[in-house]
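Asks: I'd like to ask you about the structure that follows.
The values are calculated or read from the model by the stated rules, or taken from the named source; none is laboratory data. Predicted model only: the values in this text are computed from it and were never measured. No Cβ is skipped: glycine too gets one built from the backbone with ideal geometry, and neighbour counts run over all protein chains shown. Ligands, DNA and RNA are stripped out before the accessible areas are found, and what is left, the full protein with its side chains, is counted by its heavy atoms. Shrake-Rupley method; radii C 1.70, N 1.55, O 1.52, S 1.80 Å.
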Amino acid sequence: MPLNRTLSMSSLPGLEDWEDEFDLENTVLFEVAWEVANKVGGIYTVLQTKAKVTGDEWGDNYYLVGPYTEQGVRTQVELLEPPTPALKRTLDSMNSKGCKFLAQSEEKPYVVAHFHEWLAGIGLCLCRARRLPVATIFTTHATLLGRYLCAGAVDFYNNLENFNVDKEAGERQIYHRYCMERAAAHCAHVFTTVSQITAIEAQHLLKRKPDIVTPNGLNVKKFSAMHEFQNLHAQSKARIQEFVRGHFYGHLDFNLDKTLYFFIAGRYEFSNKGADVFLEALARLNYLLRVNGSEQTVVAFFIMPARTNNFNVETLKGQAVRKQLWDTANTVKEKFGRKLYESLLVGSLPDMNKMLDKEDFTMMKRAIFATQRQSFPPVCTHNMLDDSSDPILTTIRRIGLFNSSADRVKVIFHPEFLSSTSPLLPVDYEEFVRGCHLGVFPSYYEPWGYTPAECTVMGIPSVSTNLSGFGCFMEEHIADPSAYGIYILDRRFRGLDDSCSQLTSFLYSFCQQSRRQRIIQRNRTERLSDLLDWKYLGRYYMSARHMALAKAFPEQFTYEPHEAEATQGYRYPRPASVPPSPSLSRHSSPHQSEDEEEPRDGPPDEDGERYDEDEEAAKDRRNIRAPEWPRRASYTSSTGGSKRGSVDTAPSSSVSTPSEPLSPASSLGEERN
C-alpha cells in the first residue's frame, strides 16, 4: 500500500508561521549569476531549486539575470512577454541603446540586486562605483583562492591566517579574478556565504567577515517519494544489479543479495573531493573483509567526468553478454512453458526428460561458453585519454584493487555523468543514488556539498566531513549524526592517515549492519530532509535581503540584528528507540531470507524493546527544538509607522571566529528517553 511521508515531519513543531506581511509591491529583486539557466556546477542547483520559494515571496518582482546561451534558452527558458510596462520599456531601451537600464519606471522602486560569485561581482562593483540606488548582496559559494590552494599540497585550514593572499593569487595567475572577488565582497551592503567553514575562509582570504550564513537547500518535494521510498530503493537497486551482472560476467562469484553499493560523485578534483582518501579506505576495507571471512561484497562507483574518447569495448561486451543470456533464458522458458501447457491440457503430468531437447541444451551451453573470460572485469568503463597519468587509475594500480575474485571490494570508475539514455548504465543520477546503499564524500574542500544533501532527502546514508558545509551544518543540528545515517569524518583535526582509518571504520561498521538495520537507518536519514528544505533555509536569504534594504535605504527600512544564544535553533536528539547496531537489531527468525521485506514495525529485540518507526518519528517531532529565525527589516512608510514585526536571529547567521574550533556534536543536543 503506498504511503505518504508519515515517517518524515511535514512541519517543524514550534516553527513560527512567517507570513508575508512585508510590503514588496514597490520593491524589485534581481538575482545575478553566471549559472542562471546555464548548468556549470552547484550554483545552478541553488538557483533552480530556490526559484520557487523566492518567486512565491516576490511574485512578478523577481528577476534572474544570467548569460544568454542558445542551449540554455532552448531547454530551460520559456520566452514570455514582459509582465509590466516598465520592464518592457527597459528591455526595449536595452535593445536599442545597449545595456543601460532601470530608469524606465514611473515610480522608482527599491531595488535589491543579489550577485553570486566573482563572475557576476563586477556588476556589483559598478553599481556601487556609479552610486546607483541599489541594495547589493554578494554571495561567495567558494572562494577562488581557497579552491586553488586546496588543490595543492597545503595544510589549508590550519594556516588560513598565515597566507599572503596577494602573493598566492599572483603565483597562481588568478590575481585579477581574486581582486574582483575581494572587491565585490567589500563593496556589497551585505556579504554572505553558504556555511560556517567557508565564512572562516572568507574572513581570512577576502578580509571581510560575512554578515550572515545562507545554507543551501533543496526542493524536497522533488526528491521525496509520496509512496514508500524503500520500494524505490529496491527498484533502483535492481537496475544497478543488472549492470553489475553484465560488468562482472565470468567473475560473478559473489552473492548480489549480499552486495553493498557505495559511490562518490562530483567534479573530478581528486584531492579536494576526497577520492584519494576513499580509495585508500577501500583498500583497507578490502583487507578487513578478506581476513575476517566476510560474505559481504562492496561495489564502489566513482562517478566523476574525465576526458574520454569512447566506451570501453570490454564493458560494452559485458552488457551484450548479459542480454544474450537473458534472451536465451527467455527462449528456453517459453518452449518449456508451451510444452508444459500442452501436457496439462490433455490431463497428464509432463515428462521432465522430454521438456528440454538437445537443441535447448546446445543453446544454453553456447550461452555459458560466451561468459568465459580470461581477464579481470575492467575498472574503468571508458577509454581514458590520460590513462597512464589519471589520478584514480594510478592509485588503483598502486593499491591493487583490480576486481579479482579474491577481492571483496570491487571498483568501477564511470568517468561520465549518468544518463537514462546511456547504452551502458541507463539510469539518471537520482535513480542511481536511490539504488545505492551509501554515498561517500570525504572532501577536503567542500564549501557546502549538494551530493550528501541529495542523498539525505532520498533516504540514503552518506559520509561527509567536518570541512564541508553540509557536515558542519548536520553536526550543529543533530546530536548523534551517525545514528541518522550521517557519518562525519574528521579531516580538520586529524592527519591523512588517521582520517583514512576513521573512514575505514565507518565503512566496515556499515558492512556489518543487517538488512533490517539498514532499513531503520534509511528511515531516519529520510526524516532529516526537512532540515534541508528551502521552505526553511530560504529564510536566511530573506534576512540577507532585508538587511541589505536597511543598509541601502535606512530612512525607509530598519533591521534589528540579534545575537543568537547557543541554545537556540532546532536540533535532532539521539534516536529514542533501538539504534542501528548489530547487537540490538536482529531478524525475528534465524531463517529469514535476505530477500524478505522487513516490516516497518519490528519485533521486540533481545532486550524486549519494540521498534516502531511511526512512534520514533513522533518522538523526534516532540523533541525538536523550536527554531529562532533571523530578524526581518521593518518598512517605514512616508507617514511613519512600522509595517513589519521581527524574528530573532538563527544560530547559522552568526559566524565563528577562526580561532574557535567547531563545536563537537555531543554538546549540541541532549539525549531524550
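Asks: Within the range 200-222, which residues are over 20 Å from R177 (Cα atoms) and of a type in the set (D, E)?
Replies: The answer is D211, and nothing else.
Asks: While we're on this one: So which of G55, G41, G59 ends up being at positive phi, surrounded by fewer than 18 Cβ atoms within 10 Å (Cβ to Cβ) and out of contact with any His (no Cβ under 8 Å at 6 or more places or on another chain)?
Replies: Unique residue meeting the criteria: G59.
Asks: Could you pull out the residue among V46, V65, V77, V36 that is closer than 22 Å to P447 by Cα and either without any contact (Cβ under 8 Å) to a residue 60 or more places away in the chain or open to solvent by 60 Å² or more (accessible area, probe 1.4 Å) (or both)?
Replies: Every option except V36 fails the conditions.
Asks: Would you call N272 of a type in the set (S, T, N, Q), buried (at least 18 other Cβ atoms within 10 Å of the Cβ) and under 24 Å from the mean Cα position of the chain (by Cα)?
Replies: So N272 passes the test.
Asks: Being open to solvent by 10 Å² or more (accessible area, probe 1.4 Å) and among the polar types (S, T, N, Q) narrows it down to one of S543, S514, S529, so name that one.
Replies: It is S514.
Asks: Determine which single condition Y536 fails, assuming it passes every other condition in (1) touching a Ser or Thr at 6+ places or on another chain (Cβ under 9 Å); (2) at pLDDT below 90.
Replies: Result: Y536 fails condition (1) only.
Asks: For residues in the range 300-356 being over 29 Å from L438 (Cβ atoms) and among the acidic types (D, E), which is nearest to the chain's Cα centre (by Cα)?
Replies: Selected residue: D327.
Asks: Among the listed residues I392, I412, which satisfies the condition of being in contact with a Ser or Thr (Cβ under 9 Å, 6 or more places away or on another chain) and either touching a residue at least 40 places away in the same chain (Cβ under 8 Å) or part of a loop (DSSP other than H, G, I, E, B) (or both)?
Replies: I412
Asks: Have a look at A135, A183, A169 and point out the one that is at pLDDT 95 or above, small (G, A, S) and assigned to a strand (DSSP E or B).
Replies: A135
Asks: What single numbered condition from (1) touching an Asp or Glu at 6+ places or on another chain (Cβ under 9 Å); (2) modelled with pLDDT of 80 or more; (3) assigned to a helix (DSSP H, G or I) fails to hold for K88?
Replies: (2)
Asks: Every residue in the range 313-366 that is among the hydroxyl-bearing types (S, T, Y) and loosely packed, with under 14 Cβ neighbours inside 10 Å, please.
Replies: Across the range 313-366, the qualifying residues are Y341, S348, T362.
Asks: Looking at (1) buried (at least 17 other Cβ atoms within 10 Å of the Cβ); (2) at pLDDT below 90; (3) not charged (D, E, K, R), find the lone condition where S589 falls short.
Replies: Unmet for S589, out of (1) buried (at least 17 other Cβ atoms within 10 Å of the Cβ); (2) at pLDDT below 90; (3) not charged (D, E, K, R): (1).
Asks: Moving on to the next point. Out of (1) crowded, with 17+ Cβ neighbours inside 10 Å; (2) polar (S, T, N, Q); (3) free of Cβ contacts under 8 Å to residues at least 40 places away in the same chain, what's the single condition that is false for Q230?
Replies: (3)
Asks: Is the range 105-116 home to any residue that is among the small types (G, A, S), in a helix (DSSP H, G or I) and at pLDDT 75 or above?
Replies: No, because not a single residue in the range 105-116 is among the small types (G, A, S), in a helix (DSSP H, G or I) and at pLDDT 75 or above.
Residues are listed down the side, and each one gets a yes or a no for (1) under 20 Å from V299 (Cα atoms); (2) modelled with pLDDT under 95; (3) within 14 Å of the chain's Cα centre (by Cα); (4) among the acidic types (D, E):
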residue: D386; (1), (2), (3), (4): no, yes, no, yes
residue: I396; (1), (2), (3), (4): yes, no, no, no
residue: H414; (1), (2), (3), (4): yes, no, no, no
residue: T421; (1), (2), (3), (4): no, yes, no, no
residue: F441; (1), (2), (3), (4): yes, no, yes, no
residue: G449; (1), (2), (3), (4): no, yes, yes, no
residue: L489; (1), (2), (3), (4): no, no, no, no
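Asks: Let me ask something else about it. Given the conditions (1) over 26 Å from K258 (Cα atoms); (2) outside any helix (DSSP H, G or I), report the number of the one that Q374 does not fulfil.
Replies: Answer for Q374: the failing condition is (1).
Asks: Still on this structure, I have one more. Could you list, in sequence order, the residues of the range 190-214 that are more than 12 Å from E446 (Cα to Cα), touching a Phe, Trp or Tyr at 6+ places or on another chain (Cβ under 9 Å) and open to solvent by 10 Å² or more (accessible area, probe 1.4 Å)?
Replies: The answer is H204, R208, K209, D211.
Asks: Still on this structure, I have one more. Go through the range 186-198 residue by residue and tally those that are within 21 Å of C472 (Cβ to Cβ) and either in a helix (DSSP H, G or I) or not aliphatic (A, V, I, L, M) (or both).
Replies: Summing the residues that are within 21 Å of C472 (Cβ to Cβ) and either in a helix (DSSP H, G or I) or not aliphatic (A, V, I, L, M) (or both) in the range 186-198 gives 7.
Asks: Separate question: Filter the range 459-485 for residues that are of a type in the set (F, W, Y) and either free of Cβ contacts under 8 Å to residues at least 24 places away in the same chain or out of contact with any strand residue (DSSP E or B) (no Cβ under 7 Å at 6 or more places or on another chain) (or both) and give the result. Can you show your working first?
Replies: Step one: list which residues in the range 459-485 are of a type in the set (F, W, Y), which gives 470, 473, 484.
Once the filter is applied, which keeps residues that are of a type in the set (F, W, Y) and either free of Cβ contacts under 8 Å to residues at least 24 places away in the same chain or out of contact with any strand residue (DSSP E or B) (no Cβ under 7 Å at 6 or more places or on another chain) (or both), the range 459-485 yields only F473.
Asks: Still on this model: Checking D253 against (1) touching a strand residue (DSSP E or B) at 6+ places or on another chain (Cβ under 9 Å); (2) open to solvent by 20 Å² or more (accessible area, probe 1.4 Å); (3) farther than 17 Å from Q513 by Cβ: exactly one of these is not met. Which one?
Replies: Answer for D253: the failing condition is (1).
Asks: Here's a follow-up. Any residue at all in the range 277-287 that is of a type in the set (S, T, Y), under 30 Å from the mean Cα position of the chain (by Cα) and at pLDDT 95 or above?
Replies: Yes, the range 277-287 has at least one match.
Asks: What are the residues in the range 367-378 that are of a type outside the set (F, W, Y) and surrounded by 10 or more Cβ atoms within 10 Å (Cβ to Cβ), if any?
Replies: Across the range 367-378, the qualifying residues are A367, I368, A370, T371, R373, S375, P377, P378.
Asks: The conditions are (1) over 30 Å from V379 (Cα atoms); (2) open to solvent by 40 Å² or more (accessible area, probe 1.4 Å), and Q235 fails exactly one of them. Which is it?
Replies: (1)
Asks: Hey, any hits in the range 465-480 for a residue that's within 15 Å of the chain's Cα centre (by Cα), closer than 24 Å to N286 by Cα and open to solvent by less than 10 Å² (accessible area, probe 1.4 Å)?
Replies: There is at least one residue in the range 465-480 that is within 15 Å of the chain's Cα centre (by Cα), closer than 24 Å to N286 by Cα and open to solvent by less than 10 Å² (accessible area, probe 1.4 Å).
Asks: Has the range 442-463 got at least one residue that is in contact with a Cys (Cβ under 9 Å, 6 or more places away or on another chain), of a type in the set (G, A, S), under 24 Å from S505 (Cβ atoms) and buried (at least 22 other Cβ atoms within 10 Å of the Cβ)?
Replies: Checked against the condition, which is being in contact with a Cys (Cβ under 9 Å, 6 or more places away or on another chain), of a type in the set (G, A, S), under 24 Å from S505 (Cβ atoms) and buried (at least 22 other Cβ atoms within 10 Å of the Cβ), the range 442-463 yields at least one hit.
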